[in-house]
1. Could you list which residues have their amide H under 5 Å from that of Leu128, counting only those 5 or more apart in sequence or on another chain, with H placed in the peptide plane?
2. Would you grab the residues whose amide H sits under 5 Å from the one on Val396? Only those 5+ places off in sequence or on another chain, please, with H modelled 1.01 Å from N.
3. Hey, what do the phi angles of the range 211-224 turn into as Karplus ³J(HN,Hα) couplings, whole Hz, using 6.51/-1.76/1.60 and θ = phi - 60°, x for Gly and Pro?
4. Just to be sure I understand: with springs between alpha-carbon atoms less than 10 Å apart, which residue in Val371, Val41, Val134 has the highest mean-square fluctuation in the Gaussian network model of the chain?
5. Which order do you get for Phe366, Phe97 if you rank them by accessible area with a 1.4 Å probe, largest at the top?
6. Residue by residue through the range 66-78, what is 3J(HN,Hα) from phi via Karplus (6.51 cos²θ - 1.76 cosθ + 1.60, θ = phi - 60°)? Round to whole Hz and write x for glycine and proline.
7. With every protein chain kept in place and ligands, DNA and RNA left out, what is the accessible area per residue of the chain? Probe 1.4 Å, answer in Å².
8. With springs connecting C-alpha atoms under 10 Å apart, model the chain as a Gaussian network and identify which of Thr107, Thr402, Thr127 has the largest mean-square fluctuation.
Amino acid sequence: SAHGLSPFSGLMVGRWYLLLSIGLLHSIGLFHSSWALPAPVQTFFVPLPEAQINRSLDELDDRKGRVKSEMQSIISIANGGAGTIIYYDHWEDGYEFDISNPTQATTEIWGDGVGSNGIPPGFGSDTLGAGQVVALRDVVTLPRNASQIRYDGRDKFATTSAVAVTRAAWATSPGTVLAGSVEVCPVADYGRAFLSPIGEDVATDENFEYVALLVIPSRDGTQVLIDTDADGSTDITRTLNQGESYHVDGGILKGASLTSSEPVEVHLITGDRRDGYFAGYYETRWYTLYPTEAWSSDYYTPVGKSPNGQRTFIYLYNPNAFSITIDYETRINSGSMAVGAGATEEFSMPVSSGAHFSNSNGSPFFAVAAVGSGNGSEGLFGLFDNDVYDWGFSLVPGGNLTPQVVVGWGPG
């Protein structure tokens, strides 16, 4: 006012300065309409790039040329709560510096009510209610052309509330007879140390004749050390950036280890190489591995042998340098079994029953299931035991059980 201006003049100048600053931010691409959107609580990388899956499927087909180069990609996101916002960042043009404040035109924001920055595929409006599922299906042709934006492996997305995510894929030829799916963990559940409870040296009816390992990191400059044959020596050393998947194409043995300098997610693709006379029959099972720090002495499985004879086998792995006793309880019976140091033992599930496995002295172990496994006891001389209903999963630690479950993908 000493210069002849009203008391509000400074405020007006400040407002013009703020508007000018916002205009400059717009002009250099540093301001986005999602500036005020909430920060995410979960972040995911889509594992298992199509080219690496295709390579494993081709190995399972004994490279007979029936696995074609066109892949069906499935990424299913089941929303657990109302009002969720999903920030979806495609890998092809690089990842956003701040995924909740994107600057790239390809990055989509779903659920914020603004259709101009993206609507979930298959939705009529840009809102996400509790229980709604964003099912992303895309056909990916190999070799991958990065100029084509697809919903596929290596994509990154973040959510403002908890979701359940499933990843599935198959080659369009031979189709879903050779397919698999895995649960996708949020980055908060990644780890730095993993052991494989199964391997190509585990004696089964060829369930694990082929075992491949795939790892995807959450941060740039992640060093990964892999001991494929569990002899205590590092066989593979790689430095990976976020979302850059590495594929060990077979040769994984029981007790194989992976350690990393930064958090990673690890999966296994397993199966039977149909290399004999009956080579038209396919078998594969995929698994999500949990970090060893999350291993427990207490696990549950809800899946038993089916009434039509399709068996479920649980493979119990003891990582300890001493033998342990694992107690089991099913709807049919209970008992115990010894698992030697570094050994994997097979448990045959009864019909229509789940099971609880535990170790009373608290020693950790790990367990995976092979569903639809004949183990040489069904079919024509056991030739067709594993070619139908074959799928697998890692058992759930007792401490992870909750009173609510969200199905990530229910294609039927």
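1. The answer is Gly83, Thr84.
2. The list, which skips near neighbours in sequence, is Tyr300.
3. Along the range 211-224, the couplings run 9, 10, 10, 10, 10, 9, x, 9, 9, 5, x, 7, 8, 10 Hz.
4. For the chain, modelled as a Gaussian network with Cα springs under 10 Å, the answer is Val41.
5. Sorted by accessible area, descending: Phe97, Phe366.
6. So the J values, rounded to whole Hz, are 8, 8, 7, 8, 9, 10, 8, 9, 10, 10, 10, 10, 9.
7. On the way: 18180 Å² over 412 residues.
I get 44 Å² per residue for the chain.
8. Thr402
The values are calculated or read from the model by the stated rules, or taken from the named source; none is laboratory data. Everything numeric here is computed off the predicted structure, so don't read it as measured data. Reconstructed Cβ throughout: ideal geometry from the backbone, glycine too, with neighbour counts over all protein chains shown. What goes into the accessible areas is simple: the full protein's heavy atoms, side chains included, and nothing from ligands, DNA or RNA. Shrake-Rupley method; radii C 1.70, N 1.55, O 1.52, S 1.80 Å.
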